[in-house]
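To start, the structure under review is shown below, and the notes come after it.
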Amino acid sequence: MATPPTLIALGTLLFLGLLVSLLAPLRRTVITGPLFRLYQRMLPAMSATEQDALEAGTVWFEGELFRGRPDWQRFRNIPSPRLSGEEQAFLDHDTCELCALVDDWQITRHDFDMPAEVWRFIKERGFLGMIIPREYGGKGFSAFAHSEVIARLSTRASSSAVTVMVPNSLGPAELLLHYGTEAQKQHYLPRLACGDEIPCFALTSPWAGSDAAAIPDAGVVCRGQWQGQEVLGMRVSWDKRYITLAPVATVLGLAFRLFDPERLLGGAEDIGITCALIPRDHPGVEIGRRHLPLDAMFMNGPTRGHEVFMPLEFIIGGPAMAGQGWRMLMECLAAGRAISLPSSNAGMAQVTTRAVGAYARIRSQFALAIGRFEGVEEALARMGGLTYQAEAMRVMTAGAVDLGEKPSVVSAIAKYHCTENARRVVNDGMDVIGGKGICLGPSNFLGRAYQQIPIGITVEGANILTRSLILFGQGAIRCHPHVLEEMHAAHDPDPARGLARFDRALGAHLRYTLRNGLRALLHGLTGARLAAAPAQCAPGLAVHFRQISRLSAALAVVADVSMLSMGGDLKRREKISARLGDVLACLYIASAALKRFETQQCPVEDRPLLDWAVADALWRAQEAFAGVLANYPSRPLAWLLRVLVFPLGWRLARPSDALGHQVASLLIAPTAARERLTRSVFLPADPAEQVAALEAGLQATLDAEPVEARVRAAHKQGAFGADAAANVRDMAAVAYRHGVISAAEHALLQRRNVLRDQVIRVDDFPLDLAAEAPAALRGGAPGGDLRGAAA
């Protein structure tokens with residue numbers, strides 16, 4: 001029997017339906033007209049750059065999740081990305097060779113740069129031209145191949161990963177491919193592909209970080225001297241910082257606002273943000289100094305210029321593209337952001353999860369592997385589940401780019417959540433390995449990752465602002481089927497035409513809300529048993545699909561009511577919009593996890609990882625809903641929405657302890673699930689290296705455990721007589737002397753002991769660390785030259 005609150009919610013939906021059904025003239029006079037005028041007052045002014053940002057990129061599967069009715073059959077039909085034979089060979093051979101050449105401790109502590117041979121290898125093997133088409137001398141690789149390479153390099157060292165990542169992401173090559181003139185492409189792309197040119201792109205300034213559209217760097221159209229002739233050009237001043245590869249770049253991509261006060265180009269005075277390519281040796285360019293980003297030794301630094309004259313031909317795309325820079329950047333960022341940071345941080349999560357899982361089996365306390373302690377199990381379960389989520393997002397999002405999408409919202413989701421997941425994974429890993437993690441040195445496999453995690457959190461859109469401004473703020477407008485049309489109607493210069501457009505859009509909007517409201521209420525009352533799920537799922541998967549469908553409908557309703565009731569004020573209520581963005585992101589994460597599981601042919605052993613990843617995402621989505629409604633400005637609307645979308649209460653639970661135990665157990669043994677989860681990790685051949693020692697130590701520990709159990713049992717039974725008081729480290733020798741174990745078993749325990757000691761060892765240094773540290777760091781001079789080998 002329906003409860004009174006449920007009946008009220010149902011009555012509200014029926015009332016909305018009645019409003020929609022009124023005759024158009026009456027509806028426009030009584031309802032739509034006043035609402036239109038109110039909406040115009042509530043709608044915040046939108047600048048050209050904001051409009052470019054909103055309209056950049058494409059809407060993909062996230063649109064279906066936002067609209068409340070995901071089509072699971074179409075979702076299943078989305079092709080999963082695959083590497084070509086050439087791409088696979090490059091990953092297996094060239095990429096692994098590059099990993100083997102890099103010594104992260106040597107680079108970060110002593111050289112402050114990759115060796116010259118590494119730079120040479122990167123250039124000669126074509127790492128800098130992976131996205132450049134073959135006709136210009138590049139590899140012409142897919143976005144998925146690019147992602148796979150970056151993920152693997154990131155399991156070894158940030159210096160090589162970022163050096164390869166940036167030229168293949170948002171930068172001169174990407175911009176030239178889409179917008180450059182043919183002459184620019186022919187000149188630059190072959191040089192970029194082979195490494196003769198090293199690119200960087202300068203966007204961030206001291207006064208405009210996340211608010212990149214507000215860059216103060218400016219140029220003025222004027223006449224000047226160029227190559228002995230007077231030409232029409234620009235006099236540009238800039239002050240940029242945090243520019244990756246800038247210290248060694250030979251060609252500088254630059255974003256600035258261009259003005260034409262004398263209207264020499266025949267248009268407006270404020271032309272807008274413009275992108276140009278400037279050679280490093282161009283007169284007036286200041287470049288070459290370095291930042292030191294948390295001991296990460298990829299090249300990063302400032303660049304400046306004061307009234308530097310350059311011809312209009314330096315503009316990417318030529319003079320015709322003056323003022324088009326912001327749209328260019330937004331469209332390219334959607335693709336670049338989908339690859340770089342999701343890949344590097346998913347790789348970091350993989351190597352952390354694999355290494356810490358092995359450490360937790362090798363390291364024992366109280367005669368028990370620490371991975372068996374429930375407190376450690378809890379951390380390991382999080383690490384496994386969050387790594388599964390990050391990998392699923394990385395692969396699915398890279399696949400979208402290969403399908404021709406420029407997924408602005410999905411790329412922001414992947415960037416934010418892959419970096420946040422990696423941060424949680426590394427933090428948990430540090431907790432598990434304890435003192436091993438805080439003593440830096442060549443034996444520390446996690447310390448540098450822990451230091452450098454904030455870099456990914458900060459760049460390509462700070463995570464705080466990505467979550468509070470982009471995920472829902474941009475997602476709601478781009479994904480919603482009617483909001484963008486309502487906004488265009490409100491800005492229509494013809495009031496009558498605008499009202500007619502608004503009336504049509506609002507009517508469709510209300511019908512859309514009504515359908516989603518009824519669907520959300522039905523699914524809430526039935527526990528999602530009637531929600532959509534694909535046919536012929538693997539056993540138990542349908543419930544995951546149905547819960548996503550249910551929460552998708554709930555999101556559509558809550559988002560709609562929020563936009564209709566708060567209007568432009570929702571943009572300023574960042575905490576509420578951030579939580580709504582969390583819901584959308586968590587639904588995407590859960591969907592990506594299911595896509596990964598089905599693509600891999602539903603391996604039974606991976607099921608705990610999938611179930612943990614989906615349960616965590618759905619529980620977090622529910623928590624986000626709870627946060628929205630608890631802080632909703634209109635308490636009656638909050639009550640109504642609570643009854644409508646969660647009529648039976650908050651029923652979703654976080655992953656159980658039993659499920660966490662299953663996940664942790666997969667990580668502390670050389671299981672097939674562990675291999676699939678961490679397949680990007682580079683495994684060194686040198687047994688002296690920590691990751692190699694961890695792999696060998698894990699297997700040796702498993703081999704030794706039954707033998708060690710017999711030794712402990714014999715000791716407990718008094719089989720060792722006077723030797724019973726022997727040191728625990730000598731117990732294997734005692735057991736061998738007393739005939740409890742064989743010579744082969746004794747050798748096995750000895751080998752395990754050697755590997756265990758290697759794994760748990762921490763580094764120490766001479767008393768005078770200053771004498772051991774390079775002079776460039778001892779001085780502490782701002783902007784000191786930290787370079788080792790020349791690029």
- [ ] Would you mind listing the helices (runs of 4 or more DSSP H) fully within the range 398-486 where at least 2 residues are within 20 Å of the chain's Cα centre (by Cα) and of a type in the set (K, R)?
- [x] 408-433
Open item on the list: Considering only residues that are open to solvent by 40 Å² or more (accessible area, probe 1.4 Å) and not in a helix (DSSP H, G or I), which ones fall in the range 84-106?
Closed with: S84, D103
Task: Which numbered condition A553 fails, given (1) small (G, A, S); (2) under 24 Å from N421 (Cβ atoms); (3) surrounded by 23 or more Cβ atoms within 10 Å (Cβ to Cβ) - done: (2)
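Identify, from the list P534, P539, the residue that is outside any helix (DSSP H, G or I) and touching a residue at least 12 places away in the same chain (Cβ under 8 Å).
On the way: P539 fails: touching a residue at least 12 places away in the same chain (Cβ under 8 Å).
P534 is the lone residue from the list that is outside any helix (DSSP H, G or I) and touching a residue at least 12 places away in the same chain (Cβ under 8 Å).
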TODO: Quick one: in the range 676-691, of everything that is within 23 Å of S364 (Cα to Cα) and crowded, with 16+ Cβ neighbours inside 10 Å, which residue is farthest from the chain's Cα centre (by Cα)?
DONE: E689
- [ ] Answer yes if at least one residue in the range 131-153 is at pLDDT 95 or above, basic (K, R) and in a loop (DSSP other than H, G, I, E, B), and no otherwise.
- [x] yes
Open item on the list: Return the pair list, or none, for Cβ contacts closer than 6 Å from residues in the range 458-481 that are under 15 Å from R572 (Cβ atoms) to residues that are hydroxyl-bearing (S, T, Y) and open to solvent by 60 Å² or more (accessible area, probe 1.4 Å), at least 6 apart or on different chains.
Closed with: L465/S210
Open item on the list: Condition first: part of a helix (DSSP H, G or I), in contact (Cβ under 8 Å) with a residue 24 or more places away in the chain and open to solvent by 10 Å² or more (accessible area, probe 1.4 Å). Now tell me which residues in the range 314-335 satisfy that.
Closed with: F314, P319, M321, W326, R327, M330, E331, L333, A335
Task: Output for the range 117-134, where each listed residue is in contact with a helix residue (DSSP H, G or I) (Cβ under 6 Å, 6 or more places away or on another chain) and open to solvent by 30 Å² or more (accessible area, probe 1.4 Å) - done: R125, I131
Task: Meets criteria (crowded, with 23+ Cβ neighbours inside 10 Å, out of contact with any Pro (no Cβ under 6 Å at 6 or more places or on another chain) and under 27 Å from Y359 (Cα atoms)) for A664 - done: yes
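Could you check the range 149-182 and list, in sequence order, the residues that are in contact (Cβ under 8 Å) with a residue 12 or more places away in the chain and surrounded by fewer than 21 Cβ atoms within 10 Å (Cβ to Cβ)?
Narrowing the range 149-182 to residues in contact (Cβ under 8 Å) with a residue 12 or more places away in the chain: 149-181.
Once the filter is applied, which keeps residues that are in contact (Cβ under 8 Å) with a residue 12 or more places away in the chain and surrounded by fewer than 21 Cβ atoms within 10 Å (Cβ to Cβ), the range 149-182 yields L177, H178, T181.
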Task: Hey, G267 buried (at least 19 other Cβ atoms within 10 Å of the Cβ) and on the phi < 0 side of the Ramachandran plot or not - done: no
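Please go through the range 520-536 and pick out each residue that is touching a Leu at 6+ places or on another chain (Cβ under 9 Å) and open to solvent by 30 Å² or more (accessible area, probe 1.4 Å).
To start, the set of residues in the range 520-536 that are touching a Leu at 6+ places or on another chain (Cβ under 9 Å) comprises 520-525, 527-528, 530-531, 533-534.
Within the range 520-536, L522, L525, G527, L530, A533 meet the criteria.
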TODO: Considering each residue of the range 622-656, count those that are open to solvent by 50 Å² or more (accessible area, probe 1.4 Å), within 15 Å of R573 (Cα to Cα) and either in a helix (DSSP H, G or I) or in contact with a Cys (Cβ under 8 Å, 6 or more places away or on another chain) (or both), and give that number.
DONE: 1
Task: Cβ-Cβ under 7 Å pairs, at least 6 apart or on other chains, the range 355-381 side over 17 Å from A704 (Cα atoms) and part of a helix (DSSP H, G or I), far side aromatic (F, W, Y) and open to solvent by 60 Å² or more (accessible area, probe 1.4 Å) - done: none
Open item on the list: Condition first: within 27 Å of the chain's Cα centre (by Cα) and farther than 17 Å from A255 by Cβ. Now tell me which residues in the range 271-299 satisfy that.
Closed with: R290, H291, L292, P293, L294, D295, A296, M297, F298, M299
Task: Hits in the range 259-301 - residues which are under 16 Å from E313 (Cβ atoms), of a type in the set (A, V, I, L, M) and in a loop (DSSP other than H, G, I, E, B) - done: L264, L265
- [ ] Quick one: L514 ticks every box in (1) at pLDDT below 80; (2) among the hydrophobic types (A, V, I, L, M, F, W, C); (3) over 34 Å from the mean Cα position of the chain (by Cα) except a single one, so which number is it?
- [x] (1)
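Would it be correct to say that L694 is of a type in the set (A, V, I, L, M), touching a residue at least 60 places away in the same chain (Cβ under 8 Å) and either assigned to a helix (DSSP H, G or I) or open to solvent by 40 Å² or more (accessible area, probe 1.4 Å) (or both)?
Numbers: of a type in the set (A, V, I, L, M): yes; touching a residue at least 60 places away in the same chain (Cβ under 8 Å): yes; either assigned to a helix (DSSP H, G or I) or open to solvent by 40 Å² or more (accessible area, probe 1.4 Å) (or both): yes.
So L694 passes the test.
The values are calculated or read from the model by the stated rules, or taken from the named source; none is laboratory data. These numbers come from a predicted model, not from an experiment. Positions of Cβ are generated from backbone atoms using ideal geometry, with glycine treated the same way; all protein chains shown enter the neighbour counts. Ligands, DNA and RNA are excluded from the accessible area calculation, which covers all protein heavy atoms including side chains. Shrake-Rupley method; radii C 1.70, N 1.55, O 1.52, S 1.80 Å.
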